[in-house]
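The values are calculated or read from the model by the stated rules, or taken from the named source; none is laboratory data. Worth saying up front: this structure is predicted, and the values here are computed from it rather than measured. Cβ coordinates were reconstructed from backbone atoms using ideal geometry, including for glycine residues, and neighbour counts include every protein chain displayed. Surface accessibility is based on the protein's heavy atoms, side chains included, excluding ligands, DNA and RNA. Shrake-Rupley method; radii C 1.70, N 1.55, O 1.52, S 1.80 Å.
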Amino acid sequence: MLIRQVRPLDAAADGSPQRPVDLRLRDGVIVEIAPDLARADGEEVLDGGGALALPGLWDQHVHTGQLAQAHARLDTGGAGSVGVILELVRGELAVRRDARTDPRQALIGFGHRLVDFAVPPTVPALDEATGSVPTVLIGGDAHHAWLNTAALEQLGLPPRDGIVAEDEWFDLAPRLTELPGVGDAVATGAAMMQRQALQRGVVGLVDMEWGRPWEVWRSRGARMRVRTAVYPAELDGAPRPTGAVLDATGLVTMGPLKVIVDGALGSHSAYTRETYTDGHGYAGRGVLSYGAEELTATLSQARSQGLTAAVHAIGDAAAQLALTAIGQVGIAARIEHAQMLTDADVTHMARLGVTASVQPAHLLDDRDVTESVWPGHGARAFRLRDLLTAGVPLVLGSDAPVAPLDPWLAMAAAVHRSADERPGWHREQQLQPLEALAASTDGITSLEVGGRGDVVLLEEDPFTEVPLGADSLMVEAAAREAAEQLRETTVLATVVAGRLP
């Protein structure tokens, strides 16, 4: 492929006028960058028309199976009570009856948060609304689900009164395709997911789905780069080492071991040093899903198999435990979410070379909840600036479907840290737009000869620097405007491994 007339982003660093250049890509690699390259025989030509060219974007944390179901799910996000959700469910079932939908087809919902409920969800209440239709309502943080009796029976679970949460839910989530109609929805949704990601400039993602995602991707047909994680339950049979090519295209490779140490804020199960205001979870400090000895043993096994590690730790106590185990084992690792960190945790991450894999869009949802359940500790949340200053490698993602698979939203959240009219939350932790971009390109800082042939073309340059040394009102206005520019970015083309997918 020959990409004509583009302006590489890094070429404008000195502020000098940019002369458009051409990019020649061969065998998935950039082999030449120069003005007015001659077209080779049989070479596909993409006219950039003066577009801005930058390295392809990555989403470093996606649950692709869950995301593939999202298009066919009932949206329960924003429902502030059990009663509201039940009305949504009744309404959806009424629409299905009018459309003469097969009554055996399962109803899957997604989006609600337990922290919003004054009255807990119960199985009898859901049974009353759904009858024999298998129903699974997944929490917006993907750490629990509310099932009716029909779904429990079809999935072989014993009767219960409340939700299925944490490890029990993680084991169950890959089996939702056993419910009527869910498998077809996943197949359709997987194609939609890849198309929409490519339209946003995403050339690669790290798939943190439960089960055996490497087997799914071998038959799914990847149009983008994918690294598939493995959980401890499947570790013995997983491909190895990290980086091993898993499909004929070379686009799907083995990723890290994923270990979930604690829960999530939305479920009051993140494991923290301080107690929750309502004293929820283990000793009032959330849920510890993996103890220190078990984590160390699991990381040791992964290291012996040549795998890196991605350790889920949202609460600061979970991060402390995870970093201690990572240091003892000496495994290359990331902390997934890295949402609540003390100064000592940040220093420890820098010393060990542990990467912070953060999903900035979560701070838009978790801002108020954090101040409610951990009052006075908001300065520990999403410490993006402190992590960079300390020298901690930083990568950004979405945790889709918990947040949209949209790197521009993630970058905007990192830059402004607000989703409404309020000023940015702990603005001292804001990133500059180019810093957010650098954390979104899988470590590729510029388009260079010999580099991957993953290129994104933009209509305009949205990376306006925020004047941090100016008056606070000016900084707030500039950060808000910069975030808006990022959210409104228009992607003209996405090239993966030297080809238009």
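Overview of results
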| item | result |
| --- | --- |
| Residue in the range 360-369 that is open to solvent by less than 10 Å² (accessible area, probe 1.4 Å), touching a residue at least 12 places away in the same chain (Cβ under 8 Å), over 24 Å from PRO423 (Cβ atoms) and not aromatic (Phe, Trp, Tyr) present | no |
| Tally, over the range 93-117, of residues that are under 18 Å from ALA151 (Cα atoms), of a type in the set (Asp, Glu) and surrounded by 13 or more Cβ atoms within 10 Å (Cβ to Cβ) | 0 |
| Neighbours by Cβ (under 6 Å, 6+ apart or cross-chain): first from the range 187-215, β-branched (Val, Ile, Thr); second open to solvent by 50 Å² or more (accessible area, probe 1.4 Å) | VAL206/ARG227 |
| Residue among ASP207, ASP167, ASP184 that is touching a Pro at 6+ places or on another chain (Cβ under 7 Å) and either aromatic (Phe, Trp, Tyr) or closer than 18 Å to GLN66 by Cα (or both) | ASP207 |
| Count of residues meeting criterion [over 28 Å from VAL496 (Cβ atoms) and part of a loop (DSSP other than H, G, I, E, B)] in the range 451-485 | 7 |
| Test for LEU321: is it on the phi < 0 side of the Ramachandran plot, in contact (Cβ under 8 Å) with a residue 60 or more places away in the chain, assigned to a helix (DSSP H, G or I) and among the aliphatic types (A, V, I, L, M) | yes |
| Restricting the range 349-368 to residues that are in a helix (DSSP H, G or I) and hydrophobic (A, V, I, L, M, F, W, C), the residue that is nearest to VAL62 (Cα to Cα) | ALA361 |
| Residues being open to solvent by 10 Å² or more (accessible area, probe 1.4 Å), over 15 Å from the mean Cα position of the chain (by Cα) and within 25 Å of LEU147 (Cβ to Cβ) - total across the range 183-211 | 7 |
| Pairs with Cβ under 8 Å, 6+ apart, first in the range 286-312 and farther than 22 Å from HIS61 by Cβ, second modelled with pLDDT of 95 or more and not in a loop (DSSP other than H, G, I, E, B) | ALA292/LEU321; ALA292/THR324; ALA292/ALA325; THR296/ALA325; THR296/GLN328; THR296/VAL329; SER300/VAL329; GLN301/LEU235 |
| Count of the range 212-231 residues which are open to solvent by less than 20 Å² (accessible area, probe 1.4 Å) and within 15 Å of the chain's Cα centre (by Cα) | 3 |
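Each row is one residue, and each column tells you yes or no for (1) without any contact (Cβ under 8 Å) to a residue 40 or more places away in the chain; (2) of a type in the set (D, E, K, R); (3) open to solvent by less than 40 Å² (accessible area, probe 1.4 Å).
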{"site": "ASP27", "(1), (2), (3)": "no, yes, no"}
{"site": "VAL31", "(1), (2), (3)": "no, no, no"}
{"site": "GLN60", "(1), (2), (3)": "no, no, yes"}
{"site": "GLY65", "(1), (2), (3)": "no, no, yes"}
{"site": "ALA68", "(1), (2), (3)": "no, no, yes"}
{"site": "LEU74", "(1), (2), (3)": "no, no, yes"}
{"site": "ALA79", "(1), (2), (3)": "yes, no, yes"}
{"site": "GLU87", "(1), (2), (3)": "yes, yes, no"}
